[in-house]
Amino acid sequence: MTRLFVFLIAFLLIPVAPQAQVPDAPVADFTVRHVGGGRSDTIELRQLAAPSEEWFISSQELSDLLGVGRFWRTDVRKLVLRIDDRRVTFTVGARSVVGNDETIMLRQEVLYFEGEAWIPLEFLSDVLPRLSDRQASVDAQARTLSLGERRLNVLGLEVSRGGDQTELRIRLESALAFRVDDSRVRNLVIKIYGGALDPGQIRLNTAQGLVDAVRARQADGYAYVEVDLSQLASRYQSLTEDDGKTILLRMEQAPVTLIPEPQPRGTYMVQTLPPEQQGRDVAVRRVVIDAGHGGGDLGAEGLNDLREKDITLAVARQLEKILERRDNIEVILTRDGDESIGLIERTEMANRYKADLFISLHCNAWPNARARGVETYFLSPAKTEWDADVARKENAGVRAAEDLDFMLWDLVQNAWIQESATLAEEVQSRLSTDLGMNNRGVKQAGFRVLVGAFMPAILVELGFVTNREDAARLSSPAFHEAAAESMADAIVQFRARMDAIRERSR
C-alpha cells in the first residue's frame, strides 16, 4: 500500500507539458503560394495561445508543407523534422528550436493539442530561413503564406595572390553595407548587412597567400564571412568595386608606408604623441552624441533628396542604442527629434551633464561630385583652406571660423587637445577600415559646436551627400547601423587606452 501511495505521488509530480485548452480556438484557412512553383495549397491554422493572436500550424501539416521527414515522440513530447541537411528539434512547452548545434528562440512556446505538437507560425517566417535555403513570408490579414527558396545576394568568393599582397573579393547581387571586425589576432570577420548566403558556396579550404581559410555563416538579417590569416598582416584595406557589388579585402604582408590619398584642396594629417604620453585621467561613462543640424536647419542637401539632419539623427540613435545596450555607456542625445538647437547650446548641454566625451555627427557636401569619404576633426585653428571651408559650412549662423574666440578655446578645449586627437584617430580609423570608405584623415579646424566643451570633443563627417557612392551608403539604414557600430568600437577602444594610462599613473 505504501509503495502504491509513493508511486501515485511521484506520478502526480511529473511535469505536464502545456496543452492548448482552447475548445473554441479560432480556425482559419491560409492560402500557400509556392514561389517559382506555380501552384498553391490550403492549410488550416489555429490560434491556440489566447490572448495572443499568433497562429499555429500542426506538426503534420508543417512536415507535409515542407515535404520533410517527421518523427514525433509522444512519451517525451519531442518533434524532429529533417529539413535539408539539418535535424530540427522542437519540444512541447519550450520556445527553443534546435537545428544541429544552433539554438533559436521563438516568441511563443510549442503547444500540445489534439494529440500532436503545434508550431508557432513565426517559425516559418523568422526561423526557417536561418536553418535552410528556404524562406517564407506571412500576411495574417490576407490569410496568405508565400514559400520558396531563399534569394541569395552574397554570390561568390575569390582569393588571388600577387607578391606580398593577397586580395579577397566577395561578389554581391547589389551593393550592401558591411563592416570588418579585426579584434581577434589573425582573423577578420566581414559582417554584411542584409546579406543572404549559402555557407557551402562561400568557403575556402586551401590556403592562398595570407588567407589560411574562409568560412561563412548566416544570421538573422546579416551574413558573416570569417577569414583566418596564416600570419599577421602588416595592414589591410576594405574597399568596394563595381559600384559596391564587390567587397574587396586587400591584405599586405610586408611593412608599407601609408601615403595619404590626394584630396580636394589638401588635408592635414595630425601627428600625435607616443602612446605612453597620450591622454590623462579620462573615465568614459557618459557620452553626449550631437546629431548635427535639425528643424529648419537642413544641413547639407544632396543626391536622392538626402538631408544631413536626417542622416545624423538616424546614426545618433543607432549609436545610442549600441553604447547603452552593448557597452554599458550612458548616452545623452542633444536632440532626439527634428528640432532646432543652437551650436552653443549643444556643448553647454554636454557640460551641464558632465559628459566624458562629446561627438558631433555631420555629413559633407562639395561642388565637385568626386569628393568622397569620411573625415574626423578636433578643435584647433584650420591648417588648410579645405578645413576652413568645411568649418565655415558647419558654422553657418554664427561668426565665421576665422573670427572665433580662440582665447576661449585656449582656456577650455586646449586642455583636451591630445585626448581629442586620440579619439579622432580611433574613430577615423574604425570608420574608414571597417566600412571600406575613403580615408580623408584626421584634421583640425575651428568648429563652433566644439568650442567650450570641458571634455574631449570631435566632429565626424560621415561622407559626402553629393557623391554617388557615399550618398548610396548614407541613405541606407544598414549603413547607419554599421557606422554606429564602428564608432562604438572606437569609443570602447579609446576608453581602454585611457584606462591603461590611468593604471600606469597609479
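Please treat every number below as a calculation from the coordinates, not as lab data. Note that this is a predicted model, so its numbers are computed, not measured. Every residue, glycine among them, receives a Cβ derived from its backbone with ideal geometry; neighbour counts consider all protein chains shown.
Some points to look at:
- P(r) weight above 22 Å for region 154-252, C-alpha pairs, percent: 20
- Coarse-grained scattering of region 27-149 at q = 0.16, 0.22 Å⁻¹, given as base-10 log I(q)/I(0) from a Debye sum over alpha-carbon atoms: -0.73, -1.46
- FRET efficiency for the pair Arg143 and Ser52, taken as 1/(1 + (r/R0)^6) with r the Cβ-Cβ distance and R0 = 22 Å, rounds to 0.80.
- Applied to region 494-501, the Karplus parametrisation 6.51 cos²θ - 1.76 cosθ + 1.60 on θ = phi - 60° returns per-residue 3J(HN,Hα) values of 4, 4, 5, 5, 5, 4, 5, 5 Hz, with x for Gly and Pro.
- Stretching Glu301 away from Glu348 to a fully extended chain increases their span by 14.2 nm, per 0.36 nm per residue minus the current alpha-carbon distance.
- Each residue of region 198-212 was assigned a 3J(HN,Hα) from its phi angle through the Karplus expression (A = 6.51, B = -1.76, C = 1.60, θ = phi - 60°), giving 9, x, x, 8, 9, 7, 9, 9, 10, 4, 9, x, 7, 8, 8 Hz with x at Gly and Pro.
- Stretching the chain fully between Arg203 and Val68 yields a gain of 45.9 nm (0.36 nm per residue, less the alpha carbon separation).
- Ordered by the count of other Cβ atoms within 10 Å of each Cβ, fewest first, Asp297, Asp243 give Asp243, Asp297.
- Looking at region 84-162, the GluC sites (Glu not before Pro) that sit in a DSSP loop and have at most 11 other Cβ atoms within 10 Å of their own Cβ are Glu114.
- FRET efficiency for Glu241 and Glu324, using Cβ-Cβ distance with R0 set to 35 Å, rounded to 0.05: 0.45
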